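The values are calculated or read from the model by the stated rules, or taken from the named source; none is laboratory data. The model shown is predicted, which means the values in this text are computed figures rather than measured ones. Neighbour counts run over all protein chains shown; Cβ positions are idealised from the backbone, glycine included.
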Amino acid sequence: MANITFSHPEYKDKTVYAVAGSHTDTILKIAKENKIPIAFNCQDGECGTCLVKVTHLSDGKEKGGPLTDKEITVLKGLGKITQEQVDEMAVTDMDHPWRLACQMIVRDEDLRVEYGVE
Ligand code: FES
């Protein structure tokens, strides 16, 4: 079970419970199921509309899926990640806060997901 708190600068935070383990539920899918109005368009990791800032709240647990190649391409295009950061993440297994909601798969961990932020 994972608690996901969706946060927007103008709305009240909303925490939802996501059943982890399917390895198919993206942040965007869970948001839609819970009527969280994250903006989206392509739903295929190409347009960058669903940009979110993710904070991992549970220490020592399994982390969300790593950045996909599509996310890296789009995030670079948006200026949210540099090649140096990509290289560093490959060796340190570090997390990156900026993600695409339609690409990030939720695992068994608590997350804070900020949307509508630039
Ligand atoms: S909706 Fe287009 S990248 Fe997620």
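Could you grab me the full set of residues in the range 6-39 that are at positive phi and either of a type in the set (S, T, N, Q) or in contact (Cβ under 8 Å) with a residue 40 or more places away in the chain (or both)?
Going residue by residue through the range 6-39, those that are at positive phi are 21, 23, 35.
Answer for the range 6-39, where residues must be at positive phi and either of a type in the set (S, T, N, Q) or in contact (Cβ under 8 Å) with a residue 40 or more places away in the chain (or both): Gly21, His23.
Could you tell me which residue of the range 84-118 is farthest from Thr73 (Cα to Cα), considering only residues that are of a type in the set (Asp, Glu) and in a helix (DSSP H, G or I)?
Glu88
Take His23 and tell me if it is within 16 Å of the ligand (Cβ to nearest atom) and in a loop (DSSP other than H, G, I, E, B).
Spelling it out, it is not the case that His23 is within 16 Å of the ligand (Cβ to nearest atom) and in a loop (DSSP other than H, G, I, E, B).
Would you confirm whether or not the range 31-48 contains a residue that is closer than 14 Å to Ile4 by Cβ, assigned to a helix (DSSP H, G or I), at pLDDT 95 or above and among the aliphatic types (A, V, I, L, M)?
Yes, the range 31-48 contains at least one residue that is closer than 14 Å to Ile4 by Cβ, assigned to a helix (DSSP H, G or I), at pLDDT 95 or above and among the aliphatic types (A, V, I, L, M).
All but one of (1) free of Cβ contacts under 8 Å to residues at least 40 places away in the same chain; (2) acidic (Asp, Glu); (3) surrounded by fewer than 16 Cβ atoms within 10 Å (Cβ to Cβ) hold for Glu71; state the number of the condition that does not hold.
Answer for Glu71: the failing condition is (3).
Read through the list (1) at pLDDT 95 or above; (2) touching a helix residue (DSSP H, G or I) at 6+ places or on another chain (Cβ under 6 Å), then give the number of the only condition that Leu78 fails.
Going through the list (1) at pLDDT 95 or above; (2) touching a helix residue (DSSP H, G or I) at 6+ places or on another chain (Cβ under 6 Å), Leu78 breaks only (2).
Would you mind finding the one in Thr92, Thr24, Thr5 that is of a type in the set (S, T, N, Q), out of contact with any helix residue (DSSP H, G or I) (no Cβ under 7 Å at 6 or more places or on another chain) and at pLDDT 90 or above?
Values: Thr92 fails: at pLDDT 90 or above; Thr24 fails: at pLDDT 90 or above.
Result of the check over Thr92, Thr24, Thr5: Thr5.
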